[in-house]
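One structure is given here, and the rest of the page talks about it.
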Amino acid sequence: MSSTPEVSGLDHTERTASVVSANWQAQQNDGHLVDESLVRAENEDKLTVYLGFLILSAALGGFLYGYDTGVVGVALPYVGTEFGGKALTYSQQEIATAATTIGSIFGAAILGAFADKWGRKPCLLISDLFFTAGAIIIAFSFSLAQLTVGRLVLGVGVGGAAVICPLYITELAPTAVRGRCVGINGFCIPFGQTVSVAIGAGMRDTQYNWRILFGLGVVPSLLQLCLMHWLPESPRVLILRGQHDKALEVLKQIYQYASPEILELKLHVIKEHVAATTVMQRSASFWQRSMRLWTHKPYRRSILTVSMIQVFGQFTGYNTLLYYAGTLFGLLGLSNPSIGGLIPSITNTFFLLLGMVMVDRIGRRGLLMRFGPIMVVGLLWCLIAFYFMCKDTGHVLIPGHEYSQKMVGLVIAGIVIFVTGFGSTYAHLCWYQSEYLALEIRAAGSAISTTASFTANLVVAVTFLTQ
């Protein structure tokens, strides 16, 4: 265990820009792992140009996740009769959509499990390679089977990005602005979804539109691959490799206004946490460590909490508005269903931004408790509106049937109310999962919760249209 750096002279009166809480020494003396937030650097709450570059470059993974989950809803209806001379059935659409989710489960589980061993940067690079390969396979598909394989490959990238991006940003961002930085990645997901739907709406009459839409996914993935050269490895991973000097250099770039003493303290805190992690890894087998995740109450409670937030977020059904936007709004009678898909996408993006602004003031739990009930109101509204709108068609949506415009308007109003609550809460709160997980289980816990999320997503994706 490394010795504790000297902290004399770093008090509230002599260095007002730096703060070393008195609880720091108390935690140290009691033998507890020190909370990094107790050591605050000068101007730590300021977002520098370099930090902005790091966060936005990493958040391209969130944009890719959003683009590739949103594009399927507008692109699949454009496929038309290109595969076998017949339009895709509901079951075939569910298979093509679910393929990405299946790939995501493997990507989240595998890349999340090896994030410590391989490093955050290599895992991001692998995700980008799968994003690029998947988009190319889909763009040149000439059968449903080939398109499904492409979506499966692409899904591995989606799962990897969903785990690694928030984890990487959490470990790079200064403590004082960590919530906002992780929130940027959360914002990029619905922003990517909105971009894909908007482009799709504008390409309704373009030849090869669905191929172009899927193929455009290579642009952000190749961009992130190019930017990878300038992205540093996580200080935690560098310390795991014994590269303490490199870890300190990364901290100097992140905390540009910090004094050498504060930087040493920051490094010391990370080293203490990494030491605790490696002790557990050396003293227990893989099976024992896996069992400890569930037998040690603090670990189990935090993993179950973040996993349930992810699962409940999927079971609200929001993603069906993305996956099947073209089909759903087409059944409602909209002349350009893709434009209808912009309704939930834009609403979600706007209220996610609003939620990000309020989250630090109200708190994660407070935001969920205050805005979560709005989702219930929206879903009940939709339930009642759909019931009366479809009364003449046996309570099912029939293609080509002209429904009352008034009732269609009420259904869309219910969707907007629901998405208002979702965007303010689950759309971004679920991606703060790393904050709730102890450092020594952060990678494994993130992999478990994200895998749970995609498993729940799979259940929704394969049952929505046919059931």
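The values are calculated or read from the model by the stated rules, or taken from the named source; none is laboratory data. If you're wondering where the values come from, they're calculated on a predicted model, not measured in any experiment. Cβ: placed from backbone, ideal geometry, glycine included. Neighbour counts: every protein chain shown.
Taking the listed residues Val177, Val197, Val153, Val158, the one that is of a type in the set (A, V, I, L, M, F, W, C), closer than 23 Å to Ile212 by Cβ and surrounded by fewer than 24 Cβ atoms within 10 Å (Cβ to Cβ) is Val153, with no other qualifying.
Condition test on Ser307, is it surrounded by 16 or more Cβ atoms within 10 Å (Cβ to Cβ) and either under 30 Å from Ser196 (Cα atoms) or in contact with an Asp or Glu (Cβ under 6 Å, 6 or more places away or on another chain) (or both)?
Values: surrounded by 16 or more Cβ atoms within 10 Å (Cβ to Cβ): yes; either under 30 Å from Ser196 (Cα atoms) or in contact with an Asp or Glu (Cβ under 6 Å, 6 or more places away or on another chain) (or both): yes.
Spelling it out, Ser307 is indeed surrounded by 16 or more Cβ atoms within 10 Å (Cβ to Cβ) and either under 30 Å from Ser196 (Cα atoms) or in contact with an Asp or Glu (Cβ under 6 Å, 6 or more places away or on another chain) (or both).
Scan segment 290-304 residue by residue and report those that are more than 30 Å from Ile417 (Cβ to Cβ) and either without any contact (Cβ under 8 Å) to a residue 60 or more places away in the chain or loosely packed, with under 15 Cβ neighbours inside 10 Å (or both). Scanning segment 290-304 gives Ser290, Met291, Arg292, Trp294, Thr295, His296, Lys297, Pro298, Arg300, Arg301. Return yes or no: is Gln314 under 26 Å from Leu368 (Cα atoms), assigned to a helix (DSSP H, G or I) and not β-branched (Val, Ile, Thr)? When the stated conditions are applied, Gln314 passes them. Residues in segment 112-128 that are part of a helix (DSSP H, G or I) and without any contact (Cβ under 8 Å) to a residue 60 or more places away in the chain were compared, and the one that is surrounded by the most Cβ atoms within 10 Å (Cβ to Cβ) is Cys123. Checking each residue of segment 208-220 against the condition of being more than 17 Å from the chain's Cα centre (by Cα), of a type in the set (D, E, K, R) and farther than 30 Å from Ile270 by Cα gives at least one match. Go through the residues of segment 139-157 one by one and say whether even a single one is assigned to a helix (DSSP H, G or I) and in contact with a Cys (Cβ under 7 Å, 6 or more places away or on another chain). Checked segment 139-157: no residue is assigned to a helix (DSSP H, G or I) and in contact with a Cys (Cβ under 7 Å, 6 or more places away or on another chain).
Of Gly119, Gly85, Gly112, Gly103, which residue is of a type in the set (Gly, Ala, Ser) and closer than 14 Å to Asp68 by Cβ?
Values: Gly119 fails: closer than 14 Å to Asp68 by Cβ; Gly85 fails: closer than 14 Å to Asp68 by Cβ; Gly112 fails: closer than 14 Å to Asp68 by Cβ.
Only one candidate qualifies: Gly103.
Considered as a group, the residues in segment 448-467 that are crowded, with 24+ Cβ neighbours inside 10 Å and hydrophobic (A, V, I, L, M, F, W, C) include one that is modelled with the lowest pLDDT, and that residue is Ala461.
Taking the condition on the phi > 0 side of the Ramachandran plot and under 31 Å from the mean Cα position of the chain (by Cα), does Gly421 pass? Break it down stepwise before answering.
On the way: on the phi > 0 side of the Ramachandran plot: no; under 31 Å from the mean Cα position of the chain (by Cα): yes.
No: the conditions fail for Gly421.
Set side by side, the residues Ala133, Ala161, Ala145 differ, and just one is touching a residue at least 60 places away in the same chain (Cβ under 8 Å), at negative phi and of a type in the set (A, V, I, L, M), which is Ala161.
Beta carbons closer than 7 Å, at least 6 apart along the sequence or on distinct chains, never pair a first residue in segment 352-368 that is among the acidic types (Asp, Glu) with a second that is surrounded by 14 or more Cβ atoms within 10 Å (Cβ to Cβ) and at pLDDT 90 or above. For segment 250-277, which residues satisfy the criterion of being charged (D, E, K, R) and either surrounded by 18 or more Cβ atoms within 10 Å (Cβ to Cβ) or in contact (Cβ under 8 Å) with a residue 60 or more places away in the chain (or both)? Result: Glu261, Glu264, Lys266, Lys271, Glu272. Residues that are surrounded by fewer than 21 Cβ atoms within 10 Å (Cβ to Cβ) and closer than 17 Å to Leu51 by Cβ within segment 231-249 comprise Leu231, Pro232, Glu233, Leu248, Glu249, listed in sequence order.
Which of (1) over 16 Å from the mean Cα position of the chain (by Cα); (2) farther than 15 Å from Gly157 by Cβ; (3) modelled with pLDDT of 90 or more does Pro77 not meet, given it meets every other one? Tallying (1) over 16 Å from the mean Cα position of the chain (by Cα); (2) farther than 15 Å from Gly157 by Cβ; (3) modelled with pLDDT of 90 or more, Pro77 fails exactly one: (3).
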